[in-house]
1. Enumerate the pairs (first residue in the stretch 125-141 and among the polar types (S, T, N, Q); second residue anywhere and not in a helix (DSSP H, G or I)) with beta-carbon separation below 7 Å, excluding pairs fewer than 6 apart on the same chain, so at least 6 apart or on different chains.
2. Restricting attention to the stretch 76-90, does a residue exist that is touching a strand residue (DSSP E or B) at 6+ places or on another chain (Cβ under 8 Å) and under 17 Å from residue 16 (Cα atoms)?
3. Of everything in the stretch 6-26, what is surrounded by 18 or more Cβ atoms within 10 Å (Cβ to Cβ) and within 30 Å of residue 99 (Cβ to Cβ)? Give them in sequence order.
4. Please work out if residue 57 is open to solvent by 40 Å² or more (accessible area, probe 1.4 Å) and touching a Cys at 6+ places or on another chain (Cβ under 6 Å).
5. If you check 111, 102, which single one turns out to be at pLDDT 90 or above and either among the basic types (Lys, Arg) or within 21 Å of residue 21 (Cα to Cα) (or both)?
6. Does residue 90 satisfy the condition of being exposed (fewer than 13 other Cβ atoms within 10 Å of the Cβ) and either in contact with a helix residue (DSSP H, G or I) (Cβ under 6 Å, 6 or more places away or on another chain) or farther than 12 Å from residue 128 by Cβ (or both)?
7. Of the conditions (1) at pLDDT 95 or above; (2) surrounded by fewer than 14 Cβ atoms within 10 Å (Cβ to Cβ), residue 3 satisfies every one except a single condition; which number is it?
Amino acid sequence: MREPAAFLSAALAIAHPDQWKLTKESLLQIAQHPSFTNTIRRWPFIFHAISVIGNRCSPWHRDCESGSPQMFDVLCSLAASRTTVLDLPGLGVRCRYSAGALAIFSGNVHLHGVSPSADERLCIAAYTRQPVLAKVRLGLPAWPLKWENLWNPEWCP
């Protein structure tokens, strides 16, 4: 699991360096707590949480609990057919989501879903959690690419 973790972590460092720095700092602070020291040492991701999704489609949704509007989630398809599609209808984007595909966007902001797969399907979704940043008294990262103008707070009550 170390290679996918390093790949997803590096992708976040490139796409949103401020989020990467804050998440890394939060993990370093959490590692100071005796209950978490060993766990954090073994945790290969720069993210607070991951979901491993196997063999299911995902209807359109927003991840209102995943982070915050200015944070990116990273999705990586590890196995899927060439006909599997990642759909971001608000952006007018439909793209192939076969094995090896990587998507970086705010799942909190953008409606998204994944079609059924004809073959075995496996995806890793990685998140930075806002409550974790708050617990260690770190603020939120800066808005990436001036996206604050694209966010509507009514999307996630």
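The values are calculated or read from the model by the stated rules, or taken from the named source; none is laboratory data. Bear in mind the structure is a predicted one, so any value in this text is a computation, not a measurement. Here Cβ is always computed from backbone atoms with ideal geometry, including for glycine, and neighbour counts include all displayed protein chains. Quick note on the areas: whole protein, heavy atoms, side chains included, nothing else; ligands and nucleic acids left out. Shrake-Rupley method; radii C 1.70, N 1.55, O 1.52, S 1.80 Å.
1. 128/47; 128/48; 128/67; 128/71; 130/67; 130/68; 130/140
2. Yes; the residues of the stretch 76-90 include at least one that is touching a strand residue (DSSP E or B) at 6+ places or on another chain (Cβ under 8 Å) and under 17 Å from residue 16 (Cα atoms).
3. 8, 9, 11, 12, 16, 19, 20, 23
4. no
5. The unique qualifying residue is 102.
6. So residue 90 does not fit the description; no.
7. (1)
Every residue, every condition in (1) under 28 Å from residue 88 (Cβ atoms); (2) among the charged types (D, E, K, R), yes or no:
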residue	(1), (2)
5	yes, no
30	no, no
38	no, no
43	no, no
46	yes, no
53	yes, no
56	yes, yes
66	yes, no
71	yes, no
